[in-house]
């Protein structure tokens, strides 16, 4: 595997750098903006400030900056004396087209986005194995990205670059929005006189059991709860319990997902339940 440089040493960039070094890849330089970072397994000599560079001695460059900085970073890189032969960015919602300005330098450009939740570099580095990466771009860049993913023990797939925003929205729904949903559940349980920390601990095994079910079954088969049973009485009890305790934001989330669950469960033949959800949504203004 060639030498790989990483530009942007935040959570994602730090995680990929740590994971690659653990996999035996030669990694460096690690390029940062702002204050010099620290990272497990790397010394001060491994880091270089972007402002101090006019060339990059590596075969592959991974750009892990914030999305809004990728295009301007590519333009700045275009003034360098030497660049890697392949440059990939890590954005989920932006296509490889953000790097188009580098094509005139005969650089293979692409993107590779890992479908993992990275809360910090060390934990993130442990999650690439078995994860899926969305890769797209020039043929040579995609080939390089696939080799990197293989080295990390991951899996890869490709989509039309124009569909990256929809792909990314799907990832947000499956990860970030699930976290927000879990936070809503914690808030609801805390209204029962349980502190937030304990509510988190109580609900987490339930969420883990759901993820386990999803790993073995389709979404329809994994769905549990009152809406699978068409239990309109449980819906009524829930809505009554919300009064004076739960805000309209969480109520709206609950009702939207209740309707989705009813349709997913295949009990569309129970118009009474769907109608009750529809009436409740109208009262909430959603």
- prompt: Once both labels are modelled 7 Å past Cα along the beta-carbon direction, what's the residue 119-residue 198 spacing in nm?
  reply: 2.1
message: Roughly how far apart, in whole Å, are the Cα centres of region 22-99 and region 182-207?
response: 40
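For residue 187 and residue 76, FRET efficiency with R0 = 45 Å and r from the beta-carbon atoms, rounded to 0.05?
Details: r = 44 Å, r/R0 = 0.98.
The calculated FRET efficiency here is 0.55.
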- request: Determine the calculated [θ] at 222 nm for the chain from helices alone, applying -39500 (n - 2.57) to every DSSP H run no shorter than 4 residues and normalising by the residue count; nearest 500 deg cm²/dmol.
  value: -14500 deg cm²/dmol
- request: Report the extension gain between residue 163 and residue 231 in nm, rounded to one decimal, defined as 0.36 nm multiplied by the number of residues separating them, less their alpha carbon distance.
  value: 20.6 nm
query: What ranking, highest mean first, results for peptides 60-73, 162-175 when packing means the other Cβ atoms within 10 Å averaged over each residue?
result: 60-73, 162-175
message: If I take R0 = 22 Å and measure r between the Cβ atoms of residue 50 and residue 104 in this structure, what FRET efficiency does the formula 1/(1 + (r/R0)^6) give, to the nearest 0.05?
response: 0.55
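Find how much the distance from residue 35 to residue 241 grows on full extension, using 0.36 nm per residue of separation minus their present alpha carbon separation; answer in nm with one decimal. Each step should come with its number before you reach the end.
Values: separation 206, 0.36 × 206 = 74.16 nm, distance 5.01 nm.
Full extension from residue 35 to residue 241 adds 69.2 nm.
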- request: Kindly rank 204-216, 140-152, 6-18, 97-109 from highest to lowest mean number of other beta carbons found within 10 Å of each residue.
  value: 6-18, 140-152, 97-109, 204-216
- line: Under the 7 Å Cα-to-Cβ spin-label approximation, residue 208 and residue 93 lie apart by a distance in nanometres of 3.2
FRET E, pair residue 221, residue 43, Förster distance 51 Å, beta-carbon r, rounded to 0.05: 0.50
- line: Within the chain, the percent of DSSP beta bridges that are antiparallel, given to the nearest 5, stands at 20
field: For the chain, radius of gyration divided by Kirkwood radius, i.e. Rg to Rh on alpha-carbons
entry: 1.08
task: Once you have the Cα-Cα distance between residue 22 and residue 69, take 0.36 nm times their residue separation minus that, and quote the gain in nm to one decimal.
output: 14.1 nm
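Every number here is computed from the coordinates shown, using simple stated rules; none is lab data. Just so it is clear, the model here is predicted, and its values are computed rather than measured. Every residue, glycine among them, receives a Cβ derived from its backbone with ideal geometry; neighbour counts consider all protein chains shown.
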